[in-house]
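A quick write-up on the structure given underneath.
Quick note: the coordinates plus some simple rules give every number you see, no bench work behind them. Quick caveat, the model's predicted, so the values are computed rather than measured. Don't worry about glycine lacking a Cβ; one is built from the backbone with ideal geometry, like all the others, and counts go over all protein chains shown.
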């Protein structure tokens, strides 16, 4: 069992951009989460949303610092923007 210890002062919800600025790179997060790095890049460039499976993997890899709700809402916004 993997135990992640997170200091109490960082227990907050972050966007993917905030997480990457503070803790990781796209390449490293993609590797840890098991998602293609181009998927993260396209999401950050607002070109394409993430699949629910990729979102779940990112949430797990970040220890919940990025929430499913945060990523799914941004994915929905992207789809709405493309439909306008």
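Arranged from highest to lowest average of other beta-carbon atoms within 10 Å per residue, in what order do the peptides 45-54, 28-37 appear? Walk me through the intermediate numbers first.
Numbers: 45-54: 14.1, 28-37: 16.2.
Peptide ranking by packing, descending: 28-37, 45-54.
Would you kindly state how much longer the chain becomes between residue 13 and residue 79 on full extension, computed as 0.36 nm times their sequence separation minus their alpha carbon distance, in nm to one decimal? Mind showing how you got there, number by number?
On the way: separation 66, 0.36 × 66 = 23.76 nm, distance 2.25 nm.
Answer, rounded to one decimal: 21.5 nm.
Based only on other Cβ atoms within 10 Å, what is the fewest-to-most ordering of 62, 75?
Values: 62 21, 75 18.
Going from sparsest to densest Cβ surroundings: 75, 62.
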Spherically averaged projected area of segment 9-83 from its Cα convex hull (nm²): 4.5 nm²
